[in-house]
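Asks: Input: one structure, supplied below.
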Amino acid sequence: MPNAILEAKNFSAGYTYALFAPVDLNLFEGELVSLVGPNGVGKSTLLKSFAGILDPWSGELTLCGMSMENFTMRKRAQTVASVFTQERVPYGMSVREFISLGRIPYSGFLDARTEEDEAAIDKAIASVQLEKFVDRGVLNLSDGERSRVLIARAIAAEPKVLLFDEPTAFLDVPNILNLFRILKTMASERNLTVLLSTQHVDYALRFSDRIIGFDGKGFVREATPQEMNESGFLGWSCVE
């Protein structure tokens, strides 16, 4: 049985009010989990709570067996890496320079990088097939290429958990397919936990180990893709 890396008990998220009823959720090593459901139901807010950016509205979050509250910012950044929608890229940065920002939790803002840091950056670049782009400006890349750069920066931190908010939002079909394949492979081969939100339910059903579904009425359910599809929880059925 895989180890539970992140556990949410009696958990809900929100700002001025809870966006969904309290729920128990678990994320395990080596799996890709997709958050699916209508816009505005709390998917991004859940991700921000899991990333430690936002306190839970209710309940407790446990990371690697320890309460999230007990993690220092540095240790949490080494354990959980996240990429959120429409993230801005600093002007003039090359691909390698931007990916190297993923090592800040280890090297600090003075950029005192070691051989270990450089090796982690090289590995992250190779994992998303960006070797030919390292000297190009990030802002000069296509949407698909830029998405891979953002993922590589997160991978460079060598976290246990990767969180992505709508990473497929601006991609065409071939790039969506490629992105899901990359994330699925990374989760299984590196024993990472990958959690992403997406509006592309068909790809979520195809590639995810589990689905966390939001019904748009304030309820959240965790299930396998087949169970989620057959239950009608989200009000649709994609597989005959």
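The values are calculated or read from the model by the stated rules, or taken from the named source; none is laboratory data. Since we're looking at a predicted model, the values are computed, not measured. Methodologically, a virtual Cβ is constructed for each residue, glycine included, from the backbone with ideal geometry; neighbour enumeration extends over all protein chains shown.
Asks: How many of the residues in the stretch 177-191 are farther than 27 Å from Gly232 by Cβ and out of contact with any strand residue (DSSP E or B) (no Cβ under 6 Å at 6 or more places or on another chain)?
Replies: 10
Asks: Another question about this same structure. Restricting to the stretch 84-103, what's the tally of residues that are modelled with pLDDT under 85 and of a type in the set (S, T, N, Q)?
Replies: Within the stretch 84-103, residues that are modelled with pLDDT under 85 and of a type in the set (S, T, N, Q) number 2.
Residue-by-condition table, conditions (1) crowded, with 16+ Cβ neighbours inside 10 Å; (2) modelled with pLDDT of 90 or more; (3) not in a loop (DSSP other than H, G, I, E, B):
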{"residue": "Leu179", "(1), (2), (3)": "yes, no, yes"}
{"residue": "Glu222", "(1), (2), (3)": "yes, yes, yes"}
{"residue": "Glu227", "(1), (2), (3)": "no, yes, yes"}
{"residue": "Leu234", "(1), (2), (3)": "yes, no, no"}
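Asks: Out of the stretch 149-163, which residues are of a type in the set (A, V, I, L, M, F, W, C) and assigned to a helix (DSSP H, G or I)?
Replies: Val149, Leu150, Ile151, Ala152, Ala154, Ile155, Ala156
Asks: Separate question: If Gly216 passes every condition in (1) small (Gly, Ala, Ser); (2) more than 21 Å from Val95 (Cβ to Cβ); (3) surrounded by 19 or more Cβ atoms within 10 Å (Cβ to Cβ) but one, which one does it miss?
Replies: Among (1) small (Gly, Ala, Ser); (2) more than 21 Å from Val95 (Cβ to Cβ); (3) surrounded by 19 or more Cβ atoms within 10 Å (Cβ to Cβ), the lone unmet condition for Gly216 is (3).
Asks: Let me ask another. Checking the condition in contact (Cβ under 8 Å) with a residue 60 or more places away in the chain and not aromatic (Phe, Trp, Tyr), which residue from Ile155, Ile104 passes?
Replies: It is Ile155.
Asks: Answer yes or no as to whether Glu166 is buried (at least 19 other Cβ atoms within 10 Å of the Cβ) and either free of Cβ contacts under 8 Å to residues at least 40 places away in the same chain or charged (D, E, K, R) (or both).
Replies: In short, yes.
Asks: A follow-up question, please. Among the listed residues Leu171, Leu205, identify the single one that is more than 19 Å from Ala77 (Cβ to Cβ), at pLDDT 90 or above and surrounded by fewer than 22 Cβ atoms within 10 Å (Cβ to Cβ).
Replies: Just a single option satisfies the conditions, and that option is Leu205.
Asks: Please work out which residue is surrounded by the most Cβ atoms within 10 Å (Cβ to Cβ), limiting yourself to the stretch 109-127 and to residues that are assigned to a loop (DSSP other than H, G, I, E, B) and touching a Ser or Thr at 6+ places or on another chain (Cβ under 9 Å).
Replies: Arg113
Asks: Taking Gly137, is it surrounded by fewer than 16 Cβ atoms within 10 Å (Cβ to Cβ), more than 22 Å from Leu196 (Cα to Cα) and either modelled with pLDDT of 85 or more or touching a strand residue (DSSP E or B) at 6+ places or on another chain (Cβ under 7 Å) (or both)?
Replies: yes
Asks: Another one. Report, by residue number, each residue of the stretch 68-94 that is assigned to a helix (DSSP H, G or I) and either acidic (Asp, Glu) or within 14 Å of Ile155 (Cα to Cα) (or both).
Replies: Within the stretch 68-94, Glu69, Ala77, Gln78, Thr79 qualify.
Asks: Could you list, in sequence order, the residues of the stretch 7-37 that are among the polar types (S, T, N, Q) and crowded, with 20+ Cβ neighbours inside 10 Å?
Replies: Ser12, Ser34 - these are the residues of the stretch 7-37 that are among the polar types (S, T, N, Q) and crowded, with 20+ Cβ neighbours inside 10 Å.
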